[in-house]
Structure formats: structure tokens, C-alpha cells
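S.K.: First, the structure itself, so that you have it in front of you.
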Amino acid sequence: MLLGVDIGGTFTDFVLVDDAGRIRLHKRLTSPDDPARSVGEGVRELGLPESALVVHGSTIATNALLERRGARTALITTAGFADVLEIGRQNRPDLYALVPRKPPPLVPREWRFELRERITAQGDILIPLDPQEVAALIPRLLAEGIESIAVCFLFSFLRPEHERLVREMLEMRSEKWAPPTSHLLHPTSISLSSEILPEYREYERTSTTVINAYVAPLVDRYLAQLEKALRPRPLRIMQSNGGCVTSTTARAQAARTALSGPAGGVVGAFEVAKEALTPHPPAPSPLSRAVGTGEGQGVRVITFDMGGTSTDVCLCPGRIPFTSEGEISGMPLRLPLIDIHTVGAGGGSLARMDAGGALTVGPESAGADPGPVCYGRGGRVVAVTDADLILNRLDPAHFLGGRMTLEVAAARAALAELATAFGSASPETAAWGVIQIANATMERAIRKISIERGFDPRDFTLVAFGGAGPVHACELAERLRIPRVLVPRAPGVLSALGMLLSDLVKDYSLTAMRRAEAPTLSAVEGRGGSDLEESFQPLEARARAEMAVEGVTAPRLERSVDMRYVGQSFEINVPFEGNWRLVIGEFHARHGQRYGHAHPDEPVELVNLRVRAVGETRKPVFEELPVGGADPSAASAGERPVWFEGQAGLQPQAARLFEREKFRAGNRVEGPAIVFQMDATTVIPPGWAGMVDCWGHLLLERR
């Protein structure tokens, strides 16, 4: 038995799959003060057996960074480099701000310590590290109450000896100075850049190492509490790269869990798309196959995850895209992660009038407490969910499968007040304005990952999920001229489901700066030379050793390289399968796709080597729906007026209501219609029609 758990800003989602493939869904409000409590309560409500495996996506690291409530962190670095966190790069995202505000670094100046040591750019020891200097730091660290330490020396990715010596001395000497409860005694409290990110670029490497140190103690304490609540059930943690690891590994490299929830959503959405959009899927279900690298045999989708607090979008051109250039709260997080773009638009996004009298929506959110006005938990500011409710797109009696009743009168009163400030004639008009502004924010997000990167959204299918995604998906697709919308069988909990479909994955990298046409890269018949082969071997040896700790004896190892034209500052990742000429050709092709131009005659530079280790996990195999005809009357739940904008403007139109649990394979639904289920609501506008496939997914198209 498998349980996927995803903690969101508003709801905590649970997907329980038994050995027969039967699915049980559950949602409950997140407890912001103690997220582990909502997980434990949900597990008790589900009656989870002790033999079940739990896969969990955590927002602890992300929230700690956004709210600046991580551990008291110190930085130990090479003499002269203590200010690299403040210097950063020359880019100025706040260039046009009237009052520029640069967020302070996670480590204040007084907690950054310099040691006289130096590794050259060639990997030679120029100035040896003095152990006495390290010993002298310990009383200062304890006096400041430091809980976690980041160690980042210049060029340590070439020679990590100095960083390792610092850790050994801190762990050894702190026993003499530190009290038994000191975090300095815990192995997760010391983060080495040579282990977290062994790549060049000092600012990005330092920032990533500091982020890991900043969140590691919090993640460690949270996972310890969670393990205690779930014991003896085994626990895996979702990572930002779309794979999972044991909780022990997640504690040591906590930064890799920062975007785990959205990553689970992309994995789940892509696997569902392979089910629904592949003409003849193999029996019994493609969900029983390994996710691996996410190759989808030409399946081209845009994943659209609209939750309570934010919207996450990802463009998958036949594969799940990865990047190592992530950013959180203005700080670079240079770790492999699924290439997801996030905006502050969700069901809980708050609508207000700005200083200029214009209506704005988000990025502030009502969250789970107090939540939108209609939740009846003390909320006073209109949220997107309130607007959807007033337009009859949500049913107050069907929310969370009837376990939660929405307060229509309170939402209408709040929207009437907003309508007065907005100059609107009715609460419905104000609600429509709120929805259009939220949709415009999400439209810009999809344009950013598609049109701005050389992709035409008309060539893709929009996969809508999250609690609010299926409500807004068709109208958003119409604005972008996306021809199809796919609503998965369980859209509101798809991120939790995606965690059950993930493999055990770990990523490794190493800077290996060299020209691509160097003799070491060009052996007989264009295959990589022995020098490059030898460079991959330490990464692969480390991968096999660490995956063995995870319980994987024979991981699949996938090689790739970061490449760029000589003189460029940023790289493109290309799979490396041995034939160097093909690798070069693929680089030119990807460069042309990404930037609109390629230069096959220009010299190419190899920057980083990467190895992705994959241990395939047991995947659930789901039941198919019983077959029915095109007539969906058996799922009918009546009819009511729902507000849509047509040629005559905004007005109510008679819409049929359906209970999704009663659909059968082959049912066809004509819009306008509303489809209810426990975890989400799907809105089918006029002019759209949908068909239910054998797996229970709903494929919507413009008629």
C-alpha cells in the first residue's frame, strides 16, 4: 500500500493506493503552525496500515527561505571572500524600482568567517589550511549561538581537502566546547560546497551551500517529528528534481527538497498525459512503467497547477525539462530541479484596490487560516475562490465532497463592498474582474515558458490540476489558443499522486572546463576520449555508493554535459551517450530552439559533467473505468445558472451539473457544464466539450 502526501499553503493532500489499484483521496486544511500535525491527523483519518510506504513532499525549506526563519547560520570561507553573498552578480532586477530594496543575505556580516587558505584554479594547494585557525573559531561560533555552518572555499570543487578538514575539526573539537544539545554535534549542521555543489561560479556555489545550511536543521527537526508520527512506516521525501530519497538523505541535503510539491505535480501530470494522449497505451497501464527521464514519445504538454496560494506551470516538449538555474526569494539555488515557473495566483489570492485605484489580485494569499471569506474562518478580504463561488462555478454543498460548506452570503457581501470601490454595478461583475486579473497573471506565466522560449502553445495540451486549476483552465486555454485541456482523474491531489510515481533519484555534477574540440574529447570515430571517460568515473562511483545506501544496488546512470559557445556566460544541458559529434549537433539544435539562433562553426566549450542516478520504484497500477455510452445522464446532478461572458456580455447561462465519480468511459459532456468531485471542480464553458477516457481522465476540446 502506498500513500502520497503533499502539503500546500491551504490544503494537505493525501492519495492512498492499495495493492489492487483502488484509489482513496483525502484533503484537509493545512496547519501552518505545525505542518506535521495535519499529516498525522490525515493518516489517522485514513486508518493507514503500518506496512504502507509514505512518500511526502515538504514545503518546510521553501517557507523558511521565503519567511527568513531558518537556522542561525555561519559561513566559513576563503580570506577575502566573505562578502560574496552581498556582492552577487551585476544583474539588477530592481533597476526600475522607485525605492530599490535588496533582501539581506541569509548570513549577516558578523557570522561570516574568513580563513587563510587557497586552492588555485588548477587545483593546486597554494596556501595550506592552518588547523589552529579552525580551532579558534569554535568558541566564537558557540558564543553566537550558531546552529548551522556553511563551508565554501575558493576552487574547493577541485580539491575538497580543506573543507573536509574544517568539518572534521568542528565535529571533533565541538565535543569539548559545546553542550550536548548543540546543533554543532549533528552531521546535518555542516554543509560543504564540495558536496552540495562541486561546480564553478563562487556566488552561486556559496549561495546554494548557505541555503542548504540555513534550512537543514529545520528540515531535520520536521522529518524527525514526522518519522515519529509515522513509525514504523517507511518514509521517502520528494526532491525538486522529480525523484525521491530516503528521509535520512533529505536531512543532509535539505535544499534539494525546496520545490518538491510542484515537482510531484509535473511528474504526475506528465505520466497522466502519457496515458491519455498516447493512442494505444500498453496494458495494463503505462503508470506501471518507470518515470525515468520522463520521455513521453512526443507527448507535448503544458502543466498548469493552480493551488490555493500560487500557480506552477511547466512546459514539457516530449520530456520533463530540468534546469540547474533555480532561484528562491532572489537567491540562486543552483541544484538540478524541474524547470517550473511560479506566480502568485491561486484560489486564495487576495483582491484589493491599489494606491492608484486599480484592482489587483495576489500575490498575497489568504492561505488556510483564515482562508477566503467563504470559508467562514474569519477572512475579510475577497479571494479568487470567493469570486468563483459568486459566479456559481463552485457549489457550496459539494466543496471537499460535502465535508465543508462555503458561506455564499459572506462572500457576496465582501464582493459587494469590492464592487463599490471598483465602481462595478454588481458583485458578479466585480467577481468577473477578479477572475480576469488572475487569469491574466497565469497567462503571462505560460507565455514566459512557451512563446518566450520559442514554443507555440497551440502545439501543446494544457494539463490542468490543483484544487483551482480545472476551474480556470478552459478560459486560460482559450486566451492562449491552446486546443485541448486534459483534466486528470484526481486533479486536486495530483501532486501527491505524482510522488507515488517518482523514482529514487540523485544528481551529481563536476566542473570540467575545456574546449570541445580538444584532443581529449576526440578519439577514433568521434567518440569521447579516455580523459572524459575518466572524469565521469568518480561521479558514477559516488552515485553507485550512495544509491546503495538508498537500497538501490544497480541504478541506471544517465550522463549529460553543460555546454556553451566560447565566450558565453550560460550553458545548455545536453545528454551524453558517447558519440561526441551527436552531442555537439544536439547542442546546436537546443541552442537554436532556446535562443532562436545557432552557430555550428563557432567553437564549443564543455563546462560541467552531470550524472543522474535512477533507482526504479514499484509504481501503482490503477483500475480502468467501466465502459459506458456517450450519454452522461447517469452522472447528472441537475442544472443551475452559471455566469459566463458571451457576445451579450457577462450573463448567467443554464449549465448542467455532473458528479465525476459516476462518469463512465466514453461519456461525452457538452458545455456549459460543471463537474464536481471531492478534490476539485471542473468548469466547461460554452463552446467546449469533453470526453471521459478509459482511465477516468477528462479530455476537453473547443467544439
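The values are calculated or read from the model by the stated rules, or taken from the named source; none is laboratory data. Note that the coordinates shown come from a computational prediction; the quantities given were computed from them, not determined experimentally. Glycine gets a Cβ as well: all are built from the backbone with ideal geometry, and neighbour counts include every protein chain shown.
S.K.: Could you tell me whether any residue of segment 616-627 is in a strand (DSSP E or B) and within 30 Å of Glu534 (Cβ to Cβ)? Before you say what the answer is, go through the steps one by one.
M.R.: The initial filter retains those residues of segment 616-627 that are in a strand (DSSP E or B), namely 627.
Filter once more, so that each one left must be within 30 Å of Glu534 (Cβ to Cβ): none.
Checking segment 616-627: not a single residue is in a strand (DSSP E or B) and within 30 Å of Glu534 (Cβ to Cβ).
S.K.: In addition: Which numbered condition in (1) farther than 30 Å from Ser535 by Cα; (2) modelled with pLDDT under 95 is the only one that Pro672 fails?
M.R.: (2)
S.K.: Just to check your reading of the model, which residue among Arg89, Arg72, Arg112 is farther than 30 Å from Met513 by Cα and in the same structural domain as Ile146 (by TED's automatic domain parsing)?
M.R.: After ruling out the rest, the residue left standing is Arg72.
S.K.: Another one. Could you pull out every one of the helices (runs of 4 or more DSSP H) wholly within segment 1-107 that has 2 or more residues that are more than 26 Å from the chain's Cα centre (by Cα) and of a type in the set (Ser, Thr, Tyr)?
M.R.: Numbers: elements: 35-46, 60-67, 84-87.
By residue number, no helices (runs of 4 or more DSSP H) qualify.
S.K.: Residue by residue through segment 380-421, note down the ones that are more than 16 Å from Gly346 (Cβ to Cβ) and among the small types (Gly, Ala, Ser).
M.R.: Ala397, Gly401, Gly402, Ala409, Ala410, Ala411, Ala413, Ala414, Ala416, Ala419, Ala421, listed by residue number.
S.K.: Right, another one. Check segment 321-332 and report whether any residue there is modelled with pLDDT under 90, under 22 Å from Glu67 (Cβ atoms) and in contact with a Pro (Cβ under 6 Å, 6 or more places away or on another chain).
M.R.: yes
S.K.: A follow-up question, please. Looking only at segment 622-649, which residues are at pLDDT below 90 and surrounded by fewer than 16 Cβ atoms within 10 Å (Cβ to Cβ)?
M.R.: Listed by number, the residues that qualify are Glu623, Glu624, Gly646, Gln647, Ala648, Gly649.
S.K.: Select from segment 242-264 the residues that are surrounded by fewer than 24 Cβ atoms within 10 Å (Cβ to Cβ), of a type outside the set (A, V, I, L, M, F, W, C) and not in a strand (DSSP E or B) and list them in ascending order.
M.R.: Applying the first criterion (surrounded by fewer than 24 Cβ atoms within 10 Å (Cβ to Cβ)) to segment 242-264 yields 246-249, 251-253.
Those still in the list that are of a type outside the set (A, V, I, L, M, F, W, C) too: 246-249, 251, 253.
Of everything in segment 242-264, those that are surrounded by fewer than 24 Cβ atoms within 10 Å (Cβ to Cβ), of a type outside the set (A, V, I, L, M, F, W, C) and not in a strand (DSSP E or B) turn out to be Ser247, Thr248, Thr249, Arg251, Gln253.
S.K.: Let me ask another. Scan segment 94-153 for residues that are out of contact with any strand residue (DSSP E or B) (no Cβ under 7 Å at 6 or more places or on another chain), among the aromatic types (Phe, Trp, Tyr) and modelled with pLDDT of 90 or more and jot them down.
M.R.: none
S.K.: Please count how many residues of segment 119-151 are within 27 Å of Leu539 (Cα to Cα), surrounded by 15 or more Cβ atoms within 10 Å (Cβ to Cβ) and touching a Lys or Arg at 6+ places or on another chain (Cβ under 6 Å).
M.R.: 1
S.K.: Which residue is nearest to the chain's Cα centre (by Cα), if the candidates are limited to segment 351-380 and must be outside any strand (DSSP E or B), among the aliphatic types (A, V, I, L, M) and surrounded by fewer than 17 Cβ atoms within 10 Å (Cβ to Cβ)?
M.R.: Taking segment 351-380 as the starting set, the residues that turn out to be outside any strand (DSSP E or B) are 354-358, 366-380.
This time we only want the ones that are among the aliphatic types (A, V, I, L, M), so: 355, 358, 366, 368, 373.
When the remaining residues are screened for being surrounded by fewer than 17 Cβ atoms within 10 Å (Cβ to Cβ), the result is 355, 358.
Values: Ala355: 33, Ala358: 32 Å.
So, considering only residues that are outside any strand (DSSP E or B), among the aliphatic types (A, V, I, L, M) and surrounded by fewer than 17 Cβ atoms within 10 Å (Cβ to Cβ), the one nearest to the chain's Cα centre (by Cα) is Ala358.
S.K.: A follow-up question, please. Restricting the search to segment 450-474, which residues are surrounded by fewer than 20 Cβ atoms within 10 Å (Cβ to Cβ), in contact (Cβ under 8 Å) with a residue 24 or more places away in the chain and assigned to a helix (DSSP H, G or I)?
M.R.: Step one: filter segment 450-474 for residues surrounded by fewer than 20 Cβ atoms within 10 Å (Cβ to Cβ), giving 451-456, 458-459.
From the residues that got through so far, the ones that are in contact (Cβ under 8 Å) with a residue 24 or more places away in the chain too are 453-455, 458-459.
Within segment 450-474, Arg453, Arg458, Asp459 qualify.
S.K.: So which of Ala637, Ala613, Ala630 ends up being hydrophobic (A, V, I, L, M, F, W, C), outside any loop (DSSP other than H, G, I, E, B) and within 22 Å of Val485 (Cβ to Cβ)? Outline the logic, then answer.
M.R.: Details: Ala613 fails: within 22 Å of Val485 (Cβ to Cβ); Ala630 fails: outside any loop (DSSP other than H, G, I, E, B).
Residue meeting the stated conditions: Ala637.
S.K.: Taking the condition of being crowded, with 17+ Cβ neighbours inside 10 Å and of a type in the set (D, E, K, R), how many residues in segment 561-582 meet it?
M.R.: Step one: filter segment 561-582 for residues crowded, with 17+ Cβ neighbours inside 10 Å, giving 561-565, 571-574, 576, 580.
Filter once more, keeping what is of a type in the set (D, E, K, R): 562, 564, 571.
Residues in segment 561-582 being crowded, with 17+ Cβ neighbours inside 10 Å and of a type in the set (D, E, K, R): 3 in total.
S.K.: Cβ-Cβ distance below 9 Å, separation of 6 or more or different chains: which pairs start in segment 532-548 with a residue that is assigned by TED's automatic domain parsing to the domain that holds Leu606 and acidic (Asp, Glu) and end on one that is buried (at least 16 other Cβ atoms within 10 Å of the Cβ) and not in a helix (DSSP H, G or I)?
M.R.: Matching pairs, first to second residue: Glu540/Tyr508; Glu540/Leu557; Glu540/Arg559; Glu540/Val611; Glu540/Ala613; Glu546/Lys506; Glu546/Tyr508; Glu546/Ala613.
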